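The values are calculated or read from the model by the stated rules, or taken from the named source; none is laboratory data. No experiment lies behind these values; they were computed from the predicted model shown. Using ideal geometry, Cβ is built from the backbone for each residue, glycine included, and neighbour counts are taken over all protein chains shown. The area values use the complete protein model at the heavy-atom level, side chains included, leaving out ligands, DNA and RNA. Shrake-Rupley method; radii C 1.70, N 1.55, O 1.52, S 1.80 Å.
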Amino acid sequence: MTDFQPKIILYTADAMNERGEAVLEQYPDAEMMEVRQHNRLPELGMNHFRVKSDVLVLGRLKTLECRWSGRSSDYISPSLANGCFGGCAYCYVDRHKKVNPITLFTNVDEINSAVDSHVMSLPWPKTPNQTDPVFHTYDIGCNSDISVDFSLSNGVREVFGFYRDHPRAKATFATKFVNRDLLDFDPQRKIRIRFSLMPSRVSKLVDVRTDSIEKRIAAINDFYDAGYEVHVNFSPVIVYEGKQWREDYRELFRELNAALRPEVKAQLKCEVIFLTHNQWQHQANLAINPKAEELLWVPELQENKRSQFGGWNIRYDHQLKSKMIRVFEGLIADEIPWCDIRYIF
Ligand code: SF4
């Protein structure tokens, strides 16, 4: 995984608890600057990627709400962080911001306590569903990549401990990085890591500054051995070059089948999400990553949908998508029949 070494750390006064101070101590050579709000940063005169490499923001999360999901998890936890080192061309975390450095929220005790109150108010035992047969599940990584955040602050480790020890709650997050620091923690299967996978040659174009698909697949057995539950996240599924995408997925599934041990396969499930894109992001990508954009922006296959945040989202035409979903299910049934699909859309 990348060695993130921020050159500038921006922090709000209310983020300066023991975790915030420990982060500042971890990077003594970084320039430190106090800001009034973590989400209104001063003009830094840096481009999209430099901000992601050079800047770290520390803030205090004020909205401590658990939101219903029903897909990757039952609920979405209040964010532990926002922003990411990666620069994936389709990333929705980046979609509504000009600059998006990693912002860590240091008030993890308040976040954990909000989750605890939330989960303790839910019926118990839980009615089993696709997210988990036993525990209420919380996605802790919807706005950042937790594998990266884990090494930046002890706060994330504290959160891992909270879920490991909680009698009713289980954490989950998707990742595009392999951070071996996580292997020192034994979550006793109370944390589900979901490695995101797509055909390698496409990932090289669109998953900017993340770990390679080969590296992610090679890590799955190790994460299982360390005590994680490991699933995979086939997302976003990008359709390209006529039927070529199907052949590339077939190849990916064969690689996965060959790499995993039987006991790892027995617990591994997947989720599948076809690409949605966005008009604003399309314009930004034309300047930043035009080669990736050729794969993402294919108007003859796509339709518009008004986004809840304003602007237009673009997704595959719904009739076409129903066919693609059947194709994808067929490929899984052929090549990795041991892999249950938790949901596909
Ligand atoms: S790794 Fe995830 S959060 Fe980071 S840029 Fe890529 S899609 Fe976004």
Stretchable slack from Glu263 to Met120, in nm (0.36 nm times residue separation minus alpha-carbon distance): 48.3 nm
Most to least packed among 214-221, 104-111, 36-43 [average Cβ atoms within 10 Å]: 104-111, 214-221, 36-43
The chain, accessible surface, carbon-and-sulfur percent (1.4 angstrom probe): 50
Orphan Cys of the chain, criterion: no other Cys C-beta under 4.7 Å: Cys66, Cys84, Cys142, Cys270, Cys339
R0 of 41 Å, Cβ-Cβ distance Met46-Glu241: FRET efficiency to nearest 0.05: 0.70
Per-residue ³J(HN,Hα) for region 186-195, Karplus 6.51 cos²θ - 1.76 cosθ + 1.60, θ = phi - 60°, Hz, x for Gly and Pro: 9, x, 6, 6, 9, 10, 9, 9, 10, 6
Mean Cβ count within 10 Å, highest first, over the residues of peptides 199-206, 238-245: 199-206, 238-245
Cα→Cβ-extended label distance, 7 Å offset, between Lys7 and Glu110, nm: 3.2
Region 166-227 shape via C-alpha gyration tensor axes, a/c threshold 1.5: prolate
Kirkwood Rh (inverse of mean 1/r, distinct Cα pairs), region 188-345, angstrom: 16.6
Under 19 Å from Lys97, Cα to Cα: aspartates and glutamates that are on another chain or at least 8 residues apart: Glu43, Asp54, Asp145, Asp207, Glu293
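Over the chain, give the accessible area per residue in Å² for a 1.4 Å probe, as an integer. Mind showing how you got there, number by number?
Details: 15300 Å² over 345 residues.
With the other protein chains kept in place, the chain gives 44 Å² per residue.
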Cα shape, region 95-207, gyration tensor, a/c 1.5 rule: prolate
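Per DSSP H run of n ≥ 4, the term is -39500 (n - 2.57); total these for the chain, divide by its residue number, and report the mean residue ellipticity at 222 nm rounded to 500 deg cm²/dmol. Before the final figure, lay out each step's value.
Values: 12 runs with 124 residues, N = 345.
About -10500 deg cm²/dmol.
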Rough spin-label spacing in nm, given labels placed 7 Å along Cα→Cβ, for Glu21 and Glu303: 5.7
In order through region 37-50: 3J(HN,Hα) via Karplus (6.51 cos²θ - 1.76 cosθ + 1.60), integer Hz, x for Gly, Pro: 9, 5, 9, 10, 8, x, 5, 9, x, 10, 7, 2, 6, 5
Among the listed pairs Lys176/Lys321; Lys170/Lys215; Lys190/Lys269, those beyond 19 Å (Cα-Cα): Lys176/Lys321; Lys170/Lys215
Where only alpha carbons of region 11-59 are counted, the Rg and the Dmax (Å): 11.1, 31
Region 41-89 shape via C-alpha gyration tensor axes, a/c threshold 1.5: oblate
R0 of 45 Å, Cβ-Cβ distance Glu31-Arg71: FRET efficiency to nearest 0.05: 0.65
Percentage relative contact order, region 8-344, counting C-alpha pairs under 8 Å, at least six apart: 13
Largest-first principal axis extents, alpha carbons of region 8-344, Å: 54, 48, 34
